[in-house]
Amino acid sequence: MLCMAMLPLAAMAQGLKDAIGKYALIGAAVNQWQSDGQVPEATKVLKEHFNCAVAENCMKSETLAPAEGMFDFRVADKFVKYCEQNNLKIIGHCLVWHSQAPDWWFTAGYNASPASKELLRERMVKHIKTVVGHFKGQVHGWDVVNEAIEDDGSFRKSPFFNLMGEEFIEIAFRAAHEADPDAELYYNDYSMAGQAKREAVCRLVKKLKAKGLRIDGVGMQSHNGLDYPNLAEYEKSIDAFAACGVKVMITELDVNVLPNPQQFGGADVAQNFEYQQKLNPYTNGLPAEKQRELDARWLSLFKIYYKHRSQISRINLWGISDGGSWLNGWPIAGRTNYPLLFDRQYQPKPIVKEIIKLYQ
């Protein structure tokens, strides 16, 4: 019988969390079927490879607050219990986002006229304090504000900005901290490798800090492709955000392998393009050459994360397996994509072993 002490380190490392977990949280977005316990294969992967989790949808405002004066925590409570049972730190996603927000937030009365600044502020603060307060002591950190800045560095003209101005961000962070002083608070956005957005986010972080507000981290969503973003610029953003005195997190990581339609860019969920067969070329699996290209991209990304391991506090994949990824239906419905580290049968792809070796 072989003594465990004689086994080489590589043979003893079971999963991603065993290697990456020495430096950062490693997690995945979990959907309702998974957190309801209907997908045992997903639970097995989470337990073996991950130490934190994000709710893919059930903590968004349209789900939690379907009507004024009504909060529905049933699905979110199940998610929290599921994470606790499986030793997963919980990241709350997200408190304030213009998309997947309930329509009633932004209107007043039955004539659906725009809500006043005061009314929207009241609703937003009530939502944040109710939700964060409900999960106080259970959620490790919150994406407080999501996607408030455009790629050109200007503030997104969302209903929050149009009705409240940029002050809505400050109000949101203050309310979240008051509701749970021990929870970490984050700003989260996509296309964070762009210089204009990078500089705008740094200005935002410094402004919040100058006002004495708590902001612990910046989330770089990282919905990446085989040829985007520019990895040199991506690294510059990691350094820039860390220099602002906050943790850097890779929050919604995936790699799109499919050809993109013209005019596609970023990760705005409102983008929607017509289906074309030429944009869905791999319905029967990835060709070997394309798989090698994808593996090389994964390795390039994780080499950056390892290089910056003292700055990165969390790496979070946006989904567990290829079959459950949002990229099968966005920005074109009905496609077959391969954007995650586990295949449609919840089996680890060979590149997972290479990523583990990197961190050993």
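Is it possible to state the helix-based mean residue ellipticity at 222 nm for the chain, with each DSSP H run of 4+ residues giving -39500 (n - 2.57), the sum divided by total residues, to the nearest 500 deg cm²/dmol? What is it?
Rounded to the nearest 500, it is -11000 deg cm²/dmol.
Give the total of Lys-Lys pairs in region 234-360 with Cα-Cα distances below 30 Å; include a pair only if its members are 8 or more places apart or on different chains.
Going through region 234-360 pair by pair, I get 26.
Can you list, bin by bin at 5 Å, the percent of alpha carbon pairs in region 113-224, starting at 0?
2, 12, 21, 23, 20, 14, 6, 1
Given axes a ≥ b ≥ c from the Cα gyration tensor, I'd like to know whether region 173-262 is rounded (a/c under 1.5), prolate (a/b larger than b/c) or oblate.
It comes out prolate by the Cα gyration axes.
If one takes the longest principal axis of the Cα atoms in the chain, at what angle in degrees, from 0 to 90 and to the nearest 10, does the Cα axis of helix 195-210 lie?
On a 0 to 90 degree scale, this one is about 60.
So what's region 207-360 giving for Cα Rg divided by 2.2 N^0.38 Å, two decimals?
1.12
Any chance you could give the angle, 0 to 90 degrees and rounded to 10, that helix 231-243 forms with the longest Cα principal axis of the chain?
Approximately 60 degrees, to the nearest 10.
Near the amide H of residue 184, under 5 Å away, which other amide H atoms are found, from residues 5 or more places off or on another chain, if H is placed in the peptide plane?
Hits under the 5 Å cutoff: 141, 142.
Which of the three applies to region 92-154, rounded, prolate or oblate, going by the alpha-carbon gyration tensor with a ≥ b ≥ c and a/c under 1.5 meaning rounded?
The shape class here is oblate.
Expressed as a whole percentage, what fraction of the accessible surface of region 237-336 belongs to carbon and sulfur atoms when a 1.4 Å probe is rolled over the protein heavy atoms?
Solvent-exposed carbon and sulfur of region 237-336 make up 47 percent of the total.
Going from the alpha-carbon gyration tensor of the chain, what semi-axes, largest first and in whole Å, does one get by taking the root of 5 times each eigenvalue?
Listed largest to smallest, the semi-axes of the chain are 33, 23, 21 Å.
Loop only by DSSP, 13 or fewer other Cβ within 10 Å of the Cβ. Give me the chymotrypsin sites (Phe, Trp or Tyr not before Pro) in region 218-297 that pass, ordered by residue number. Please list the in-between numbers first.
Values: sites: 234, 241, 264, 273, 275, 282; in loops: 264, 273, 275, 282.
In loop regions of region 218-297 (DSSP not H, G, I, E or B), the sparsely surrounded chymotrypsin sites (Phe, Trp or Tyr not before Pro) are 275.
Residue by residue through region 162-170, what is 3J(HN,Hα) from phi via Karplus (6.51 cos²θ - 1.76 cosθ + 1.60, θ = phi - 60°)? Round to whole Hz and write x for glycine and proline.
Using θ = phi - 60°, the values come out as 4, 8, 10, x, 5, 4, 4, 5, 4 Hz.
For region 102-173, which chymotrypsin sites (Phe, Trp or Tyr not before Pro) pass both filters: DSSP loop (anything but H, G, I, E, B) and at most 10 other C-beta atoms within 10 Å? Mind showing how you got there, number by number?
On the way: sites: 104, 105, 106, 110, 135, 142, 155, 160, 161, 168, 173; in loops: 110, 135.
In loop regions of region 102-173 (DSSP not H, G, I, E or B), the sparsely surrounded chymotrypsin sites (Phe, Trp or Tyr not before Pro) are 110.
Beyond 27 Å, what share of the Cα-Cα pairs of region 1-133 is found? Please give it as a whole percent.
So the portion of pairs separated by more than 27 Å is 39 percent.
Using a probe radius of 1.4 Å on heavy atoms only, what accessible surface per residue do you get for region 124-241? Whole Å² is fine.
For region 124-241, the per-residue accessible area is 36 Å².
Enter the angle in degrees (range 0 to 90, nearest 10) between the Cα long axis of helix 74-85 and the first principal axis of the Cα atoms of the chain, meaning the one along which they spread out most.
Result, in degrees: 40.
For region 135-223, which trypsin sites (Lys or Arg not before Pro) are in a loop by DSSP, counting at most 16 other Cβ atoms within 10 Å?
136, 156, 157, 211, 214
Tally up the carbon and sulfur contribution to the accessible surface of region 80-125 as a whole percent, 1.4 Å probe, everything protein left in place.
50
Taking every pair of alpha-carbon atoms in region 295-338, give the share separated by more than 16 Å as a whole percent.
On the way: 509 of 946 pairs.
Everything past 16 Å amounts to 54 percent.
Rounded to whole Å and sorted largest first, list the principal axis extents of the Cα atoms in region 44-111.
Its Cα atoms span 52, 20, 14 Å along the three principal axes.
The values are calculated or read from the model by the stated rules, or taken from the named source; none is laboratory data. Nothing here was measured: the structure is a model prediction, and the numbers come from that model. Note that we place each Cβ from the backbone using ideal geometry, even for glycine, and neighbour counts take in every protein chain shown. Ligands, DNA and RNA are stripped out before the accessible areas are found, and what is left, the full protein with its side chains, is counted by its heavy atoms. Shrake-Rupley method; radii C 1.70, N 1.55, O 1.52, S 1.80 Å.
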